[in-house]
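Bear in mind that the values in this text are calculations on the coordinates, not laboratory data. In this text the structure is predicted, and so the values were computed from the model without any measurement. Methodologically, a virtual Cβ is constructed for each residue, glycine included, from the backbone with ideal geometry; neighbour enumeration extends over all protein chains shown.
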Amino acid sequence: MVAADRRYNAPAKEPRSLLAGVLALLVHIVFIAVLISGFNWKDEHPESMIVDIWQDLPQPVPQSAIKKTASSAQPERQTKPAPETKPDSKPIAETKPHSLKPVPAQASPSPPKKPEIEIKEKAEKPKPAQKDPQPDLEVQKKKAQEQETRKKAEAERLLREREEQKKRELDAQNKRAQEDQQKRETAAQQKHEQEEKARLEARQAAARAQVAGEISKYQAMILAKIKSRIVMPPNLPGNPATEFDVTLLPGGDILDVRLRKSSGYPAFDSAVERAILLSKPLPLPPDPALFNEFRNLHVTVHYLE
Amino acid sequence: MNAAVTQDLSLFHLISSASVFVQLVMLVLLLASLVSWWYIFRKWFLLREAVKQSDEFEDNFWRGADLNVLYQRAISSRYTSSSMERIFVAGFGEFSKHKPGANIDMMMDSIRRAMQATYQREMDRLESHLPFLATVGSVSPYIGLLGTVWGIMNSFRSLSNISQATIAHVAPGIAEALIATAMGLFAAIPAVIAYNRYVSDTEKLATRFESFMEELSNVLQRRAPTSQE
C-alpha cells in the first residue's frame, strides 16, 4: 500500500504542454507580424514630415531676400534684369540684319537696269549710222517705217521698263517704308521696355528707400532706448566707444548680448550691457519681414555724444 | 524613397545592424519571452483543468457518494486524478489503515499529516514555473534596458568621430537600441500579468483544498467512532 501510495503521489503529467508550446510560438509570430506592419506604417510618416520641413524652409528665404534685405536684393535685381535685356536686344539686332539684307538685294536689281538703258542708247546711236548710206527711198522709207515701228516698240519697251522701274522703285520705297516702320516700332518697343524698366527700378528704389528708412528709423529708436537707460560712469577720459553684438528674438526680446569691442573701461562696458538688457522689449518694425535686419544687431555706444 | 530618407528603418534591418551585444540581449529576451509564453499556456491549461476536476470531485463528494467507491475510483485512475482527489485518497487511505479502537486524536493527526503532505506536493505542482514568470516579468525590462543603454552608448561613441553631428547620425542607433527595451517589455508585461493571475488562481485553489481537508477530516472523525464500535 505504501509503495502504491508513493507511486500514486508521483506528479501527474501536465496536460497539453505541446499545445502550449505551439500556442506560445503562434503568439510570437502574431506579435512580430504586428510589429513589422507597425514599423512599415511608421516608415511613411518621416517622409511626410521631411516634405513639410522642406516646404517650410525655403519660404522665409525669398521673403527675406526680397522684402527685408533690400540692399542685398538690389544687386540681384540689377544683375538679373541685365540678362533679360540682352536677349531683347539680340532679337532686335537679328531683325536689323534681316531688314538690311533686302535693301542691297533691291539695290542690286536696279544697277542692271542702267546697263539696259545704256545698251538701248547704244542701239539708238547706231541708227543714225545706218541712215548714213541712204540707199533707195522706198527701201529707206521701209527702213524708216521699220525704224519707226522699232522706235515705237523701243519707246514702248522703254516706257514699260520705266514703269516697271517706277514700280520697282515704289516697291522698294514701300519696303523701305515698311522697314522704317518696323524699325520705329522696335525702337518704340525698346523705348517702352526701357521706360518700364526705369519705372520698375524707380519703384524698387522707392521701396528700398522706404525699407532703408524704416530700418534706420527703428535702429535709431533702438539706440535711443538703449541710451536712455545707460547710467554713465562719471569722469572717463576721452570719448571711449564700446561695441556690442545683440541677438534678438522676434518680438524684441534679447537672446544674447556679447561684447564685441571693449572701450577699455569695464564700468562703461557693463553699464552699456545693463542698459541693453534693461531696454528689453526693443522697438521693432511691425513688418515681421524686416526682422531679419534686426536679428543680429551691432550696437556702438560712444561715451560722449 | 526609404533609402533617400536617411536609413531604412525596417525591423529586420534595425535588428541585423545592431551590435553583437545588443543582438545577444535580444536573443535572450526572445528566448525568455518564448519560454514564458510556453509556461503561460501550460499553466493556463493546468489550472483550468485543476479547477474543473476539483469542481467535479467536490460535486461527487458532497452528493453523498460512498467514500469507499470514491476511493476505489480514484485509485483506478491514479494518473488522471485531480489534486483534490489525491488529497482525499491520502486522507482516506490513512483512515482505512487505522485499526478500530485506536486513539482518535492520533488517528486524526496522522490523517491530517498525510493530507497535508499531499496538499503540499499538489500545491508545489500547481505553483511550478510561476517563479520563472515572476523572474521574466521583473528582470527582462532591465535586460532590455541594458541592451538599449549599450546600443545608445555605441551610437554616441560613433558620433564622436563626426564633426557635424545631426540627429540622423544617432537616430538609427537609438532606434535599434530601443528595440531591446521594447522586447524586454514585450516579454515582461504578459509574464507579470500571467504571474499575478496564476498566483491568485492557485491561492484560490489552495483555500479550496484546505477547506476540503478540514471538512474531510471532520467527516472521517465522525466515521471513526462507528468503526470503533
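Brief remarks follow.
- Neighbour counts of other Cβ atoms within 10 Å put B:94, A:179 in the fewest-to-most order A:179, B:94.
- Among B:62, B:37, sorting on how many other beta-carbon atoms sit within 10 Å of each Cβ, with the fewest leading, yields B:62, B:37.
- Within chain B, helix-based [θ] at 222 nm, where runs of 4 or more DSSP H residues each add -39,500 (n - 2.57), nearest 500: -29500 deg cm²/dmol
- Between helix B:167-228 and chain B: long-axis angle, C-alpha atoms, 0 to 90°, nearest 10: 0
- Between segment B:81-129 and segment A:215-251, the Cα center-to-center distance that results, in Å: 98
- Within 10 Å of each Cβ in A:28-37, the average number of Cβ atoms from other chains: 2
- Near residue A:279: Cβ cut-off under 12 Å, other residues only, Lys/Arg at +1 and Asp/Glu at -1. The net charge is +3.
- Taking 23 Å as the limit for the C-alpha separation, the pairs A:197/A:217; A:227/A:280; A:225/A:261; A:217/A:280 exceed it in the case of A:197/A:217.
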